[in-house]
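None of the figures in this text is laboratory data; all of them are computed from the coordinates on show. These numbers were taken from a predicted model, which means no experiment stands behind them. Methodologically, a virtual Cβ is constructed for each residue, glycine included, from the backbone with ideal geometry; neighbour enumeration extends over all protein chains shown.
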Amino acid sequence: MRQKIVGVTNTKGGSGKSTVAIHVAHAAQEDGKDVCVVDADSQGTVKDWANARASDRQTPEVIYEDDPLSLHGTIERLQHELVIVDSPGGLSEMTGEVLGVSDLTLVPVMPSVLDLWGMSEFEEVLKDQMERGLKVALVTTKYNHASKLGEQMADHIEEKYPYYHHFAGGLCSRVVYKRQMARGQTVLEASDEKAKNEVRVLYNAMTDLLYDE
Ligand SMILES: Nc1ncnc2c1ncn2[C@@H]1O[C@H](COP(=O)(O)OP(=O)(O)OP(=O)(O)O)[C@@H](O)[C@H]1O
Ligand SMILES: [Mg+2]
């Protein structure tokens, strides 16, 4: 099977990109996939997470590459069947490079119309890449599951952005994400079943879209 590349992108900082990248990578590993995470953000969040991880825990391989000119070559040399690429916030050269190498991009969006408005410049880049076959899925993140806002956002996204896939379940706002990331772990290693379930649902939606040719 051909290698698949999933970039996690959004020009909006703090939307949950690194959290999504690490969680889908860990879910892939749990699913028996040979997965690697490329940390393409000079902040090095994925690298820091891997460094915080206990050495006796199975960990997806993490490669750090913050030079946009080298990203393509770095990924080309990887043999893994699935590569997840975490990208920086801001509309940088790196974001364009990540989209350029990806089969699918997950775009974490927080439940605020302001965050969607902030995407307009990024949308132009996404649309160009969609023309060459990039699949785009918005992933709702950091929303309060007890509030109606998540649902309202889902309706808004489906009405205004019908040309994107949308994983409305996404990842709720839960302290367990912060806690587990700080320990170099994911929620798949914690006891919160709701959090585990939403990660697996997201991973399954991602693979359905990725392998649907
Ligand atoms: N589902 C969630 N529930 C609770 N907190 C979350 C969740 N997802 C992310 N966070 C928190 O929100 C902050 C930003 O998350 P993260 O670093 O994943 O975003 P990012 O888009 O990668 O940010 P940047 O643009 O700086 O790279 C972090 O403090 C993280 O712990
Ligand atoms: Mg990040």
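Tabulated data for the structure shown
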{"item": "Anisotropy class of the range 1-79 from Cα gyration tensor, a/c 1.5 cut", "result": "rounded"}
{"item": "For peptides 76-83, 40-47, 159-166, sequence by mean Cβ density within 10 Å, most packed first", "result": "40-47, 76-83, 159-166"}
{"item": "Lysines whose Cα lies under 19 Å from that of residue 160, excluding same-chain neighbours fewer than 8 positions away", "result": "12, 127, 135, 148"}
{"item": "Cα centroid separation - the range 88-134 against the range 1-77, whole Å", "result": "17 Å"}
{"item": "Ellipticity estimate at 222 nm from DSSP helix runs (n ≥ 4, -39,500 (n - 2.57)) divided over the chain, nearest 500", "result": "-13500 deg cm²/dmol"}
{"item": "Per-peptide average of other Cβ atoms within 10 Å, ordering 53-61, 194-202 highest first", "result": "194-202, 53-61"}
{"item": "For the range 4-210: rounded, prolate or oblate by the Cα gyration tensor [a/c cutoff 1.5]", "result": "oblate"}
{"item": "Mean separation of Cα contacts under 8 Å (6+ apart) over length of the chain, as relative contact order %", "result": "26 percent"}
{"item": "Peptide ranges 113-123, 29-39, 4-14, 141-151 listed from the most packed, as the mean C-beta count within 10 angstrom indicates", "result": "4-14, 29-39, 141-151, 113-123"}
{"item": "Relative contact order (%) - criterion: Cα under 8 Å, at least six apart; region: the range 92-213", "result": "22 percent"}
